[in-house]
Each structure stands twice: as structure tokens, then as C-alpha cells.
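The values are calculated or read from the model by the stated rules, or taken from the named source; none is laboratory data. Please read all numbers here as calculations on a predicted model, not as lab measurements. Every residue, glycine as well, gets a Cβ built from its backbone with ideal geometry; the counts of neighbours run over all protein chains shown.
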Amino acid sequence: MKRVLGVIPARFASTRFPGKPLALLAGRPMLQWVWEACARASRLDDLVVATDDERIAVAARAFGARVCMTRSDHPSGTDRLAEVALAEAADILVNIQGDEPLMRPEIIDATVAPLLEDAALLCATPVTAFRDEAEFLSADTAKVVVDSRGEALYFSRAPIPHMRDGVLPLERALKHVGLYVYRRELVLRFASLHSGLEELEKLEQLRLLENGISVRTVRVDYQPLGVDRPEDLARAEALLMEQRP
């Protein structure tokens, strides 16, 4: 049986929002909302917060999270995941964004499933529909174009695919949800790979495509709300309150 480990990378030194994982939403740290959603995922055998900051570690332990302390020089969440993979016995690792307080456990389960079903598959990530044209045109959202099998062809902050003769129907566009499921051997290779496209677009998943590694996309019904700036907190809190049973 494959052991699946969920990892929530969390760092304090965010350029746009320092201390973001500890920002309060309805009285709880944002990281706690993410943790509690992940803890309900049936396909995760274990869950850990990966951080380089003692303030985050203390807060995470206070709400019951297991913590793995990591180096502070990782350029991406997946690079931090690779350090965790060296210390943890797991066949499959799930990289879960620590600034996605609306994450739902069924999204995690759906994205893990292809790697449990296909031993040759190395990586999977969820995609969803765009809400409106403004979101599709925004550089804050990552877009993806896929082939007929659902394998990612390219990710970009630009609006892709481009329709030269008219306006692209939004049902043809796919938004990337920042969650990744990796087989252990790929995570351990990740830090050694180089990608000029990743440097240009600031999208770590391009490191995989540029090095010839397939990324399976999983279509989900989910609208992510990444908290990038302090002004995003009020909207996130309102949506959390709407979703409470």
C-alpha cells in the first residue's frame, strides 16, 4: 500500500504579506484552516507543516499539527517538499498551499487518485473553470492548456489559449489550482532540474514540463482563493463563514 503524505509549506517572510500563514481568519490562523481541511482528506495517511520559522512552528503545534523544520533558502514550495521527502517515509507527497483557506478535502483526494491508480504517473495537479473574463485576463491566475488525455501542455500567467479571430469562450480555458501530487522519486529530482521558463513566468510547474516530465491534470469543481495580500483577508473570511455548516 502506498503511503501518502500531505505537506503544507509555510514561510513567514512573504514579500507581499509577511507573516501570512498566521494571519487571523475568524479568530484562527489561516494555516489552521488549511490544516483542518487537509486533515479530512481520506487519501492522506499523514500530514505535516514544513516551515523555516519558529513562530509558525509554535502556532502550528498549538492547534495540533505535526511540524517539520526546513531550511530557509528554498526557492519554491516543491523545493521545500524535497527536503521533507528526505526525512519522511512516503511514496507519494502532496504539496498543499498554505494560503488556500478554502481548500476542500475532496479536491486533495481527487488529485491523489490518479497516482494510486497508475504506477507510471509521476505528477498530478487540479484545474478548474474560470469565473469570468477578468479573472482569465489577470496575471494573478495561472492558466493551463491540456492535450486530449488531460496532460498539461503549458502553464502561463498570460491568457492562453489565445484566440486570434475573436473572443475565446471561457469554457475552453482552464485555471490551475496550486496543489501538486508527486511521486517520491520526482520530488527528490526536482531541486536538481533547471527551467528558464520557470524563471520567466514564476511558475514552478514549468520546471517539470521543460524537462520532459508529464503533468496529469484533474478537472475539479473548486474556486481557489489564494490570500496574496492583507486586503484579501476580508473576502476569504466572508467565504469561510458562508461555507460553515
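Please work out if residue 133 is at pLDDT below 95, under 20 Å from residue 80 (Cβ atoms) and among the acidic types (Asp, Glu).
Spelling it out, it is not the case that residue 133 is at pLDDT below 95, under 20 Å from residue 80 (Cβ atoms) and among the acidic types (Asp, Glu).
Could you check, for region 91-109, whether at least one of its residues is modelled with pLDDT of 95 or more, more than 19 Å from residue 33 (Cα to Cα) and among the aliphatic types (A, V, I, L, M)?
Yes - at least one qualifying residue is present in region 91-109.
Okay, residues lined up against (1) of a type outside the set (A, V, I, L, M, F, W, C); (2) within 18 Å of the chain's Cα centre (by Cα):
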| residue | (1), (2) |
| --- | --- |
| 38 | no, yes |
| 50 | no, yes |
| 61 | yes, no |
| 69 | no, no |
| 74 | yes, yes |
| 77 | yes, yes |
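Exactly one of these conditions fails for residue 155: (1) surrounded by 13 or more Cβ atoms within 10 Å (Cβ to Cβ); (2) outside any helix (DSSP H, G or I); (3) out of contact with any strand residue (DSSP E or B) (no Cβ under 8 Å at 6 or more places or on another chain); (4) not hydroxyl-bearing (Ser, Thr, Tyr). Give me its number.
Failed condition: (3).
Within region 177-193, how many residues turn out to be touching a Lys or Arg at 6+ places or on another chain (Cβ under 6 Å) and in a helix (DSSP H, G or I)?
The total comes to 0.
Select from region 80-105 the residues that are out of contact with any Lys or Arg (no Cβ under 9 Å at 6 or more places or on another chain) and assigned to a helix (DSSP H, G or I) and list them in ascending order.
81, 84, 86, 87
Return the pairs, sorted by first residue and then second, in which the second residue is in a helix (DSSP H, G or I) and surrounded by fewer than 17 Cβ atoms within 10 Å (Cβ to Cβ), the first residue lies in region 99-118 and is touching a residue at least 60 places away in the same chain (Cβ under 8 Å), the beta carbons are less than 9 Å apart, and the residues are 6+ apart or on different chains.
101/239; 102/239; 102/243; 104/243; 105/39
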